[in-house]
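Trainee: One structure, as structure tokens, below. Some questions next.
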Amino acid sequence: MSHQTNNPRYGFLIDASYCIDCRSCMVACSVENEVPMDSTRIWIEETGVTGTYPDLKRFTAPFHCMHCKDPSCVSACTVSALTRNEDGIVVYDQDLCIGCRYCLYACPFSVPNYQWEEPLPLVIKCDMCFERLGEGQQPACAATCPTGAIQFGRYEEMLAEAHRKISEQPDKYVPHVYGEEENGGTATLYISPVPFEELGFPIAGTTSPAYSNRLVTEGTPMVAGMMLVGLTGAYLTIKHLKEESEQEREESAHGASSDAAKKEE
Amino acid sequence: MRKLLHELETMPKFMYVTAALTLFGVGVGLYRMLVGLGPTTNLTSAFPWGIWISFDLATVALSGGAFTLAALVYVFQFEDLHAATRPTVLAGLLGYSSVMVILLFDLGRWDRFYNVFLHPNISSALLEVSWCISAYTLILIYELSPVLLANTRLKFLLPFIKKYTVPIVIAGVTLSTMHQSSLGTMFIIMSPRLHPLWSSMLLPIFFLVSSFAAGISLVIGGASLSNWLFGRSLKIKTMAKLSWFIPWILAFYLVIKFGELVITEEWDLLFSSGTYSAMFWTEIVLGVLVPIVLFSIKQVRFSRTWSLIGALFVMGGAVLNRFNVTWFAIAGVDGETYSPHWMEIAVLVGVVAGVVTVYSVIARYFPVYEETETSHSKDEQPRPLEQSHAVGD
């Protein structure tokens, strides 16, 4: 079956060297989506304090949904509450969600969060402020970021910008654009002066497990068909063989008794 | 009414305890629905599934006997195993019912569970599981209906039910194969979180094959227990015939399990991953190797006690395997771990106790066991129902 894993229309470029841990993005997210600060769709990953005094360093970077090209959550979602729209944004339909929480486990970046304290909870996940995009605005976090750590624009431009920055300042950045290939490619891209695992970013493979998953799940109807035909065939064959051997036994028994009868004669 | 009271008095004493536990567990479950998952469970965004899911997977594996036996008896026509189908189908039905009850407590939005049917996502393994389990539960009810209807006014339906048994069984076996394997498929997408000793593209096959062995073992174990509790059981010959399959199934399992580790070049993890290696070997040695040896011995297959012991090893191994895949071998985010809240356990205990209660009542009043061993029944009350030869046979 065909599956769209085309490049997304929009992308983020997040530069960890610019992030000053001011958390304005979290406040903006909280206001925009009307959620309390402890359940925003964006949070801060950090290296912790490294180095020896007086050369102390600490790097931070905001983290939110990566908007994968082939999102595991979308493949996992039982009821299609999570979908990837035509702009490549992974959106959540809160009216469909049944709360199975499979997406929380399936996401290799551990992005989806959950309203654990609500009696009837929903999933908490970044939707790239797609309503703001429709009005020609940037997502709240990117619009708010005072240092330009969160850039937002066309995906191809963001990717080119990431590579341009790295090639212009190879001493400043690690030579890796996180998100270019992670989990099959994502709309959120990162560049950083420290290796990404030090920032606490998960080390994701270059193919999305959603692909392996589909290999199996989309073959299911075929396997079911094979089983139905195979089992019916097995049933009829065994039944036939049994009847045949029964018949033979009867015939030979009949033959034997008639032989016996002949001898008696 | 007096008759009912008298019946209650003659119930085995353990049933008062199980009934009380059921009431308490269901009470806690209702409380959880009222206040949400946060206050009543230890689930977090790092560990969104807990002991309930582990229990569900273990229970479905143990209930695998119903489709294994249905396939053996109706499709492959091992007619001498027929007597084992009824208790197995009953155990299966109760197993699946308890899974559905637990799932309803587990579901965040239990108020719209029906979206599973209205808005399906066909690439979701969990969708496959929920569809197959729902459909298969209906089929189990169909398969059990001859037992429940045998002595009622609806008896006239029996010839009709019997007529469609084979096609229904074939559909049931197909559905079971699908969901037993899909439960394994569910963890393919979670490969970044699951330890490589368990994570595999072959998980659906592992789950399917181990459910054959676990299911048959539950039948054998259940028949032995029922012999002691109610004096009703299967003939030892039927049990021995069933347990004969176990070493073959488990040996097959062993080959694919280790074969996969060799092919993916992960076999070095067998000794290098500390606790994980230990858990893996516990599962393999106690749950697979020991029962292969035990059930290869004829004297074991023909002894109720030894069969029960062997069956317990197989079931223990399968349960440990499902707990490993759903819980122990799952990496938490930022080193977070999970252990269940007491309310999670109370709900589980309640549902299990409910299953034991219902099974005991049905095994006592309905003709579940067609072959009865009468040796142990001297000091028991006379049975309310005589063994009937239901039309559905």
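The values are calculated or read from the model by the stated rules, or taken from the named source; none is laboratory data. Worth saying up front: this structure is predicted, and the values here are computed from it rather than measured. For neighbour counting, all protein chains shown are included, and Cβ atoms are generated from backbone atoms with ideal geometry for every residue, glycine included. Side chains are part of the model used for accessible areas, which takes the heavy atoms of the whole protein and leaves out ligands, DNA and RNA. Shrake-Rupley method; radii C 1.70, N 1.55, O 1.52, S 1.80 Å.
Trainee: Out of curiosity, is B:S277 outside any helix (DSSP H, G or I) and either open to solvent by 30 Å² or more (accessible area, probe 1.4 Å) or in contact with a helix residue (DSSP H, G or I) (Cβ under 9 Å, 6 or more places away or on another chain) (or both)?
Mentor: So B:S277 does not fit the description; no.
Trainee: While we're here: Among A:C97, A:C73, which is more than 19 Å from B:L37 (Cα to Cα) and either assigned to a helix (DSSP H, G or I) or in the same structural domain as A:M37 (by TED's automatic domain parsing) (or both)?
Mentor: None of the other options fit; the residue is A:C73.
Trainee: Return the residues of the stretch A:100-118 that are in a helix (DSSP H, G or I) and more than 7 Å from chain B (Cβ to nearest Cβ); say none if nothing qualifies.
Mentor: Within the stretch A:100-118, just A:C103 meets the criteria.
Trainee: Of B:R86, B:R193, B:R109, B:R153, which residue is open to solvent by 10 Å² or more (accessible area, probe 1.4 Å) and touching a Cys at 6+ places or on another chain (Cβ under 9 Å)?
Mentor: B:R109
Trainee: In the stretch B:137-146, which residues are buried (at least 21 other Cβ atoms within 10 Å of the Cβ) and either within 12 Å of chain A (Cβ to nearest Cβ) or out of contact with any Gly (no Cβ under 6 Å at 6 or more places or on another chain) (or both)?
Mentor: So the first thing to find is which residues in the stretch B:137-146 are buried (at least 21 other Cβ atoms within 10 Å of the Cβ), and the list is B:139-140, B:143-144, B:146.
Of everything in the stretch B:137-146, those that are buried (at least 21 other Cβ atoms within 10 Å of the Cβ) and either within 12 Å of chain A (Cβ to nearest Cβ) or out of contact with any Gly (no Cβ under 6 Å at 6 or more places or on another chain) (or both) turn out to be B:E143, B:L144.
Trainee: Here's another thing I want to ask about it. Restricting to the stretch A:26-42, what's the tally of residues that are over 11 Å from A:I124 (Cα atoms) and either in contact with a Gly (Cβ under 9 Å, 6 or more places away or on another chain) or buried (at least 17 other Cβ atoms within 10 Å of the Cβ) (or both)?
Mentor: Adding up the residues that qualify gives 5.
Trainee: Does the stretch A:177-196 contain at least one residue that is farther than 21 Å from A:T5 by Cα, in contact (Cβ under 8 Å) with a residue 24 or more places away in the chain, open to solvent by 10 Å² or more (accessible area, probe 1.4 Å) and more than 19 Å from the chain's Cα centre (by Cα)?
Mentor: Yes, there is a match, as at least one residue in the stretch A:177-196 is farther than 21 Å from A:T5 by Cα, in contact (Cβ under 8 Å) with a residue 24 or more places away in the chain, open to solvent by 10 Å² or more (accessible area, probe 1.4 Å) and more than 19 Å from the chain's Cα centre (by Cα).
Trainee: What residue, among those in the stretch A:199-222 that are aliphatic (A, V, I, L, M) and facing chain B (nearest Cβ under 7 Å), is farthest from B:D334 (Cα to Cα)?
Mentor: Step by step, filter the stretch A:199-222, then rank; the result is A:V216.
Trainee: Oh, and also: Among the residues of the stretch B:25-44 satisfying the criterion of being among the small types (G, A, S) and crowded, with 21+ Cβ neighbours inside 10 Å, which is farthest from the other protein chains (Cβ to nearest Cβ)?
Mentor: Among them, the one singled out is B:G25.
Trainee: Let me ask another. Please list, ordered by residue number, the helices (runs of 4 or more DSSP H) wholly in the stretch B:1-115 having 3 or more residues that are within 20 Å of B:S224 (Cβ to Cβ), touching a residue at least 40 places away in the same chain (Cβ under 8 Å) and of a type outside the set (F, W, Y).
Mentor: Numbers: elements: B:2-10, B:14-35, B:51-62, B:65-70, B:85-106.
The helices (runs of 4 or more DSSP H) meeting that bar are B:51-62, B:65-70, B:85-106.
Trainee: Look at the stretch B:71-83 and say how many of its residues are crowded, with 19+ Cβ neighbours inside 10 Å and more than 9 Å from every other protein chain (Cβ to nearest Cβ).
Mentor: Selection size over the stretch B:71-83: 4.
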